[in-house]
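The values are calculated or read from the model by the stated rules, or taken from the named source; none is laboratory data. Note that the structure is predicted; figures quoted are calculated from it, not measured. Neighbour counts are summed over all protein chains in view; Cβ atoms, including those assigned to glycine, are modelled from backbone coordinates with ideal geometry.
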Amino acid sequence: MKTTSHLKQPDAAAGNFKSATGATPLYGDKNTVAVMLGMSERTVSNFLAQGCPCLKIGSRRVRFEMAEVRAWLKQHYGSQRIGKIAGRKP
């Protein structure tokens with residue numbers, strides 16, 4: 001079994017999706033996307049069936065570009081922020 005310690009892992013409890021170098025991860029698997037969105041892996045699979053952009057690696061493995069997932073969700077679900085963001089002026 002290969003180790004994945006070199007991959008960027010999200011810290012779900014802290015809501016932190018940055019690598020050790022401080023950069024936001026570019027790519028993630030279903031679990032990473034699910035944690036980022038606060039949803040289940042099954043929901044991410046449903047998004048795939050609806051056309052969420054992904055990279056197919058082999059016959060079973062998929063990876064997601066995080067920016068594309070966010071853009072796809074905004075386009076298809078019209079997400080918007082409700083309420084104020086701490087530290088930002090209106």
TODO: List every residue pair whose Cβ atoms lie under 6 Å apart, where the two residues are 6 or more positions apart in sequence or sit on different chains, the first residue falls within segment 34-53 and is free of Cβ contacts under 8 Å to residues at least 24 places away in the same chain, and the second residue, located anywhere, is of a type in the set (K, R) and buried (at least 18 other Cβ atoms within 10 Å of the Cβ).
DONE: E41/K30; V44/K30
TODO: Check off (1) modelled with pLDDT under 95; (2) in a helix (DSSP H, G or I) for R42 and give me the number that stays unchecked.
DONE: (1)
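Results for (1) under 10 Å from the mean Cα position of the chain (by Cα); (2) not β-branched (V, I, T), shown as yes or no for each residue.
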residue	(1), (2)
T32	yes, no
N46	no, yes
G51	no, yes
L55	no, yes
M66	yes, yes
